[in-house]
Amino acid sequence: MSRAAIRYAKAIIETAVSNNTADAVNQDMKFILDTITSNEELQLFLQSPVVGPESKFSAINEIFTTVQSETKGLFQLLQANKRFEILNEIASQYVAQHDDLNNKQTAFVTTAFPITADIEKQVLAKISEFSNKTITLHNIVDPEIIGGFILRLGDQQYNASVANGLRELKREFSN
């Protein structure tokens with residue numbers, strides 16, 4: 001994540017909060033994030049050094065016609081500074097800062113199989129012991145971890161996967 005994206009996101013959220021549009025702009029940012037992430041052509045278009053900022057600005061305004069004025073202001077700023085390549089990062093950063101502002105946090109639990117509702121409740125109960133925020137849990141299924149789980153909350157990670165245990169054993173035996 002670039003520092004520029006963090007600064008842009010912080011400036012937009014401050015403006016949106018002062019205009020009482022932070023939630024609406026958050027919806028814009030989620031829409032931008034989903035659209036860019038799911039469209040490889042749009043990603044390449046925004047990253048292209050050959051396409052000028054005016055063309056990118058026109059295209060972005062055509063795609064995102066229903067966004068808030070703060071979001072449109074961001075587009076103008078990105079055009080002026082020739083920084084459309086970080087639009088996806090800015091949107092991601094805005095959503096994260098908005099969640100933080102609203103005392104929300106996303107936790108990611110990676111398992112070999114999809115978790116059940118009962119296990120999800122247990123994980124959320126355990127997380128609530130060391131986080132006072134409202135937690136949204138996302139399950140990532142990765143059969144390569146063999147068993148166990150990997151829990152990531154913010155910048156903290158707890159790896160209790162079988163694959164990790166095997167790697168540690170291998171390391172111990174090789175020393």
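For the chain, with all protein chains in place and a probe radius of 1.4 Å, 52% of the accessible heavy-atom surface sits on carbon or sulfur. If you bin all the Cα-Cα distances of the chain at 5 Å, starting from zero, the percentages per bin are 1, 8, 14, 15, 14, 12, 12, 10, 8, 4, 2, 1, 0. Packing here is the average count of other Cβ atoms within 10 Å per residue, and on that basis the peptides 83-94, 151-162, highest first, run 83-94, 151-162.
How big, in percent, is the set of alpha carbon pairs in region 92-175 lying more than 14 Å apart? Intermediate values should be presented prior to the final figure.
Values: 2362 of 3486 pairs.
Here the long-distance tail beyond 14 Å is 68 percent of all Cα pairs in region 92-175.
Cross-link partners for K56 among the aspartates and glutamates, with Cα-Cα distance under 12 Å and sequence neighbours closer than 8 places in the same chain left out: E85. Net charge dipole, the chain: roughly 400 debye, given to the nearest 20, about the Cα centre with Cβ charges of +1 for Lys and Arg and -1 for Asp and Glu. For K121, a cut-off of 18 angstrom between C-alpha atoms picks up these lysines, skipping any fewer than 8 places away in its own chain: K104, K133. A simple spin-label model places the labels of I135 and T106 1.6 nm from each other, with each point 7 Å out along Cα-to-Cβ.
Each residue of region 15-29 was assigned a 3J(HN,Hα) from its phi angle through the Karplus expression (A = 6.51, B = -1.76, C = 1.60, θ = phi - 60°), giving 5, 5, 5, 5, 9, 6, 10, 4, 5, 5, 5, 4, 5, 4, 5 Hz with x at Gly and Pro. Under 5 Å between amide hydrogens, built in the peptide plane, is the criterion, and for I140 it picks out V109, T110, T111 among residues at least 5 positions away or on other chains. With a probe of 1.4 Å, find how much accessible area the chain has per residue, and write the answer as a whole number in Å². On a per-residue basis, 62 Å².
The values are calculated or read from the model by the stated rules, or taken from the named source; none is laboratory data. Note that the structure is a prediction, hence the values are computed from the model and not measured. FYI the Cβ positions are ideal-geometry reconstructions off the backbone, even for glycines, and counts take in every protein chain you see. All accessible areas refer to the heavy atoms of the entire protein, side chains included, with ligands and DNA or RNA removed. Shrake-Rupley method; radii C 1.70, N 1.55, O 1.52, S 1.80 Å.
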